[in-house]
Amino acid sequence: MADDKEKNREDDTIPNDGNDAPQPSGLEEVAEVAKLRQELEAKEKAANENYDRYLRQVAELDNFKRRTSREREEAIRFANEALVRDLLPVVDNLERAVAHSKGSNGKPLIEGVEMVLRGVFDVLAKHGVVQVTAVGEPFDPGKHEAMAQVESRTHAPNTVVEEYHKGYLIRDRLLRPALVSVAKAPESQRKKNGDHEVENGPGDD
């Protein structure tokens, strides 16, 4: 009897090999698989969002590079704009000197000033500066600045009839508008057809 008790105690001390551990049921396995699938989908979604964010940042960087490159090119193209603008009054004075000297016996002076003018115009053209066409053209508020309106029967209303100083473009950008007078219909005709004012004219003279 004592031997049986001793044997039972020895059986109790034998370690468990794990075969008797509880096995997960079928429902638990399904739940575990569903959980893993959800985690995988969440990781895939996060990865896709990160990739989309990366693509947007690459596109923004490319746009920034193109924009800065364009701005740099424009800065180089228009670097002399201020200098050219300061030269224009000199050109105006030379043109006036030539115009006022033509009625006198100042041929050598005229020839000298005209030569200087040609040189200045050559320099301006080299830097992309061209004159704005004004007299005889329809008034263009993007290129002309109206100082007065003049009644005229020989010009269509809103036509530039006189130029006080020339306008200039630098590489298709307006550097200075032409200062002009603009034709308007005589008063009798305006009463029949209605007034026709230029967009930035100061009013009737």
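Read the figures in this text as sums done on the coordinates, not as results from a lab. Just so it is clear, the structure is predicted and the values come from calculations on it, not from any experiment. Virtual Cβ from ideal backbone geometry, glycine too; neighbours counted across all protein chains shown.
Brief remarks follow.
- For E145, residues with placed amide H under 5 Å, excluding near neighbours: A178, L179, V180
- Average 1/r across all pairs of distinct alpha carbons in the stretch 36-194, invert it, and you get the Kirkwood radius: 20.7 Å.
- Our note on the geometry: Cα centres of the stretch 128-191 and the stretch 38-81, 46 Å apart.
- As a calculated quantity, the FRET efficiency between R67 and V123 at R0 = 45 Å, using C-beta atoms, amounts to about 0.90.
- Packing-based exposure ordering (other Cβ within 10 Å, fewest first) of V161, V150: V150, V161
- Ordering of 56-64, 118-126 by packing [mean C-beta count within 10 Å, highest first]: 118-126, 56-64
- Contour minus Cα-Cα distance for V135 and L27 (0.36 nm per residue): 29.6 nm
- Two-site label geometry, F78 and E95: point separation in nm, points 7 Å out along Cα→Cβ: 2.2 nm
- Per residue, the convex hull around the alpha carbon atoms of the stretch 79-127 comes to 51 Å³.
- Highest to lowest packing among 85-95, 134-144, 30-40, scored as the average C-beta count within 10 Å: 134-144, 85-95, 30-40
- Potential lengthening of the chain between E41 and L169 amounts to 40.0 nm, from the contour at 0.36 nm per residue minus the alpha-carbon distance.
- Under conditions of 4 °C and 1.567 mPa s, the stretch 26-77 yields 89 µm² s⁻¹ as its translational diffusion coefficient, taking Rh as the Kirkwood radius over Cα pairs in the Stokes-Einstein equation.
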